[in-house]
1. Would you point out the residue of segment 99-141, among those that are in contact (Cβ under 8 Å) with a residue 60 or more places away in the chain and among the aromatic types (F, W, Y), that is farthest from A69 (Cα to Cα)?
2. May I ask you to list the residues in segment 51-84 that are assigned to a loop (DSSP other than H, G, I, E, B) and surrounded by 13 or more Cβ atoms within 10 Å (Cβ to Cβ)?
3. Of all residues in segment 103-140, which are in contact with a helix residue (DSSP H, G or I) (Cβ under 7 Å, 6 or more places away or on another chain) and small (G, A, S)?
4. Is one or more of the residues making up segment 99-117 within 21 Å of K140 (Cα to Cα), among the hydrophobic types (A, V, I, L, M, F, W, C) and either in a strand (DSSP E or B) or open to solvent by less than 40 Å² (accessible area, probe 1.4 Å) (or both)?
5. As an exercise: evaluate R26 against (1) in contact (Cβ under 8 Å) with a residue 24 or more places away in the chain; (2) in contact with a Pro (Cβ under 7 Å, 6 or more places away or on another chain) and give the number of the one condition it does not meet.
6. When only residues in segment 21-50 that are open to solvent by 10 Å² or more (accessible area, probe 1.4 Å), hydrophobic (A, V, I, L, M, F, W, C) and in contact with a strand residue (DSSP E or B) (Cβ under 9 Å, 6 or more places away or on another chain) count, which is nearest to A89 (Cα to Cα)?
7. Cβ-Cβ distance below 8 Å, separation of 6 or more or different chains: which pairs start in segment 62-79 with a residue that is aliphatic (A, V, I, L, M) and end on one that is part of a loop (DSSP other than H, G, I, E, B)?
Amino acid sequence: MSDFVVDPRLVADSYPITELPLCQLRLMDDARYPWLVLIPRRAGVSEVYELSEQDQQQLWREAARIGKALKAHASGDKLNIASLGNMVAQLHIHVIVRHQGDPAWPGPVWGQGQATPYDKDSLAATKDRILALAGGLSFKG
C-alpha cells in the first residue's frame, strides 16, 4: 500500500478530477483561470529530480499533454506550466491557461486578487469537461 497523501493545503484549494498514470489531476478552485494541478503519487517527493528518470519523463508527458488539450479547449493565449513549492513543499505542477486581459495578465496568477470559487453547477460542468479532455489523451510514451 502506498503512503502517498495529498498535502492538506492542496486538498483545501482544489478538487480531484482523475488519476493519470503518474499523477493525481486536480482542478484549482479559482474560476478566473483554467487551472489544473498535477501531483505525482510518490510519497515524500518535493523536487522533480527526486523522481526516477522514468517518472520525470511521465510527469512532463502528462503536464504537456493535459496542458495542450486545456489550452485548445479554453482558446488560451499562453500555457503556463510551473512548479514552485514555496508554500506547499509536496511536488505539484501547475498547468494554467492564460488569456491576454485576464485578471493577472501578464503577471503570475499567484497572489493576484481574490480567488473566485466555483459554484456547484459550474464546478460539476468544469470537472466533466476536464475529465472528458483527459480521457481522450494518451499519457504513454
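1. So, considering only residues that are in contact (Cβ under 8 Å) with a residue 60 or more places away in the chain and among the aromatic types (F, W, Y), the one farthest from A69 (Cα to Cα) is Y118.
2. First, pick out the residues of segment 51-84 that are assigned to a loop (DSSP other than H, G, I, E, B): 51-52, 75-77, 83-84.
Within segment 51-84, L51, G76, D77, S83 qualify.
3. Of everything in segment 103-140, just one residue is in contact with a helix residue (DSSP H, G or I) (Cβ under 7 Å, 6 or more places away or on another chain) and small (G, A, S), namely A134.
4. From segment 99-117, those within 21 Å of K140 (Cα to Cα) are none; that's our starting set.
Looking for residues that are within 21 Å of K140 (Cα to Cα), among the hydrophobic types (A, V, I, L, M, F, W, C) and either in a strand (DSSP E or B) or open to solvent by less than 40 Å² (accessible area, probe 1.4 Å) (or both), one finds none in segment 99-117, hence no.
5. It fails just one condition, (1).
6. That would be V48.
7. Between residues of segment 62-79 that are aliphatic (A, V, I, L, M) and residues that are part of a loop (DSSP other than H, G, I, E, B), the close pairs are I66/L20; I66/L137; A69/G136; A69/L137; L70/P34; L70/G76; A74/P34; A74/H99.
The values are calculated or read from the model by the stated rules, or taken from the named source; none is laboratory data. Everything quoted here is computed from the prediction, not taken from an experiment. Every residue, glycine among them, receives a Cβ derived from its backbone with ideal geometry; neighbour counts consider all protein chains shown. Side chains included, ligands, DNA and RNA excluded: accessible areas come from the protein's heavy atoms. Shrake-Rupley method; radii C 1.70, N 1.55, O 1.52, S 1.80 Å.
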